[in-house]
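Below: the structure, in structure tokens.
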Amino acid sequence: MQQFSKPKRSPLLSLPGAVPAEGADEGVAAHYGELYQEQRALADGSGVVDLSHRGVLTVTGEDRLSWLHLLLTQHVEQLPPHQATEALILSANGHIEHHLSLVDDGTTTWAYFEAGTGEALFAYLESMKFFYRVEVADRSEEFAVVHLPAGSIAPVPDGVVARETPYGRDLFLPRASLESYVAENGPAVGLLAYEALRVEAHRPRLGFETDHRTIPHELGWIGSAVHLQKGCYRGQETVARVQNLGKPPRRLVFLHLDGSEVHLPGHGAEVRLASDGPEGRRIGFVTTSARHHELGPIALALVKRNTPVDAPLLAGSTAAAQEVVVEP
């Protein structure tokens with residue numbers, strides 16, 4: 001069985017001003033001393049985000065795309081070389097277990113995934129190989145993921161695989177090149193800036209916007225990560241039933257938070273209707289909060305589907321106005 005070690009501490013943490021991230025992002029920098037300046041750099045198309053704590057998998061073999069097509073929520077059987085996509089692995093009940101950011105270079109499928117999920121992900125993929133001509137390998141020790149924002153003119157080194165998305169470019173960079181690449185194409189940008197722009201773009205993240213019972217419809221992952229016109233995969237029955245016959249029990253919302261509060265509501269902070277007060281009935285929870293360089297304090301939250309779309313909310317003790325991300 002493949003052994004997944006804890007991600008190594010990024011060498012970029014030795015840069016001046018680097019403050020280590022915690023929790024799921026341990027091992028890379030939360031910021032380098034200039035949070036809003038780092039956000040503005042990303043928004044303007046410059047800077048490099050260190051995502052070297054993410055895990056990297058490759059799948060090789062002539063059956064790789066047809067095999068992955070059977071396991072993933074996305075249509076990848078005829079995935080063109082160098083076209084980025086994303087996909088989920090669901091439980092038998094349709095709950096989200098894994099998220100993969102994918103690209104195929106013509107001979108190998110590359111994917112990165114959240115830190116801490118590699119062992120379970122690899123075990124599942126290995127268990128499903130059967131007679132297919134595929135090899136799955138953990139490449140996390142060899143390759144580091146870095147993100148270049150949309151509009152970046154930083155080069156893609158020869159031989160480096162890249163994912164081109166509307167939000168920027170993800171590189172599968174040899175780990176030995178991480179420091180030199182950032183030195184030449186920086187400035188280095190921390191995770192807090194990257195996350196603030198992710199929240200602004202309403203983009204869900206595994207382990208933040210998801211819990212043990214999240215289904216794709218709740219987060220708006222239908223279309224971008226779930227293809228509705230493909231063949232069977234684990235959990236498809238739930239996806240089809242909700243799509244055709246019902247509505248998801250919860251929905252993702254974007255929150256504008258009261259800027260007078262000193263502290264942001266953390267992940268898991270309870271969300272209530274403001275009219276019910278701080279002791280009212282819980283209708284959801286904060287998934288990610290951030291301080292944005294233009295919008296101020298913002299957050300994503302998962303709330304009950306029938307929550308009125310115009311209702312003022314409380315995120316923890318912080319007043320919040322909601323914007324619809326997933327239609328009720």
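Please go through the stretch 56-85 and give me each residue that is among the aliphatic types (A, V, I, L, M), closer than 29 Å to residue 8 by Cβ and outside any strand (DSSP E or B), ordered by number. Matches in the stretch 56-85: 68, 71, 72, 84.
The condition (being on the phi < 0 side of the Ramachandran plot, charged (D, E, K, R) and surrounded by 18 or more Cβ atoms within 10 Å (Cβ to Cβ)) is satisfied by just one residue among 198, 205: 198. If you go through the stretch 57-88 and keep only what is under 19 Å from residue 120 (Cβ atoms) and under 14 Å from the mean Cα position of the chain (by Cα), you end up with 86, 87, 88. Can you confirm whether residue 106 is of a type outside the set (S, T, N, Q) and either surrounded by fewer than 17 Cβ atoms within 10 Å (Cβ to Cβ) or at pLDDT below 95 (or both)? So residue 106 fits the description; yes. None of 41, 115, 123 is in contact with a strand residue (DSSP E or B) (Cβ under 7 Å, 6 or more places away or on another chain), outside any loop (DSSP other than H, G, I, E, B) and of a type outside the set (D, E, K, R) except 41.
For residue 132, indicate whether it is open to solvent by 20 Å² or more (accessible area, probe 1.4 Å), under 21 Å from residue 89 (Cβ atoms) and not in a loop (DSSP other than H, G, I, E, B). When the stated conditions are applied, residue 132 does not pass them. Exactly one residue out of 264, 255, 228 is in a strand (DSSP E or B), hydrophobic (A, V, I, L, M, F, W, C) and either open to solvent by 20 Å² or more (accessible area, probe 1.4 Å) or farther than 30 Å from residue 66 by Cβ (or both): that is 255.
Among (1) crowded, with 20+ Cβ neighbours inside 10 Å; (2) under 30 Å from residue 179 (Cα atoms), there is one condition residue 72 misses while meeting the rest; what is its number? So the condition that residue 72 fails would be (2).
This table checks each residue for (1) outside any strand (DSSP E or B); (2) in contact (Cβ under 8 Å) with a residue 40 or more places away in the chain; (3) touching a Cys at 6+ places or on another chain (Cβ under 8 Å).
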{"position": "159", "(1), (2), (3)": "yes, no, no"}
{"position": "162", "(1), (2), (3)": "no, yes, no"}
{"position": "179", "(1), (2), (3)": "yes, yes, no"}
{"position": "198", "(1), (2), (3)": "yes, yes, no"}
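Only residues that are more than 21 Å from residue 289 (Cβ to Cβ) and modelled with pLDDT under 95 were counted across the stretch 12-42, and they come to 0. Tallying residues that are open to solvent by 50 Å² or more (accessible area, probe 1.4 Å) and β-branched (Val, Ile, Thr) within the stretch 210-221 yields 0. The numbered conditions (1) surrounded by 22 or more Cβ atoms within 10 Å (Cβ to Cβ); (2) touching a Phe, Trp or Tyr at 6+ places or on another chain (Cβ under 7 Å); (3) part of a loop (DSSP other than H, G, I, E, B); (4) not small (Gly, Ala, Ser) are all true for residue 145 except (3).
The values are calculated or read from the model by the stated rules, or taken from the named source; none is laboratory data. Owing to the predicted nature of the structure, the values given are computational and were not obtained by experimental measurement. Note that we place each Cβ from the backbone using ideal geometry, even for glycine, and neighbour counts take in every protein chain shown. We work out accessible area using only protein heavy atoms, side chains counted, and drop any ligands, DNA or RNA first. Shrake-Rupley method; radii C 1.70, N 1.55, O 1.52, S 1.80 Å.
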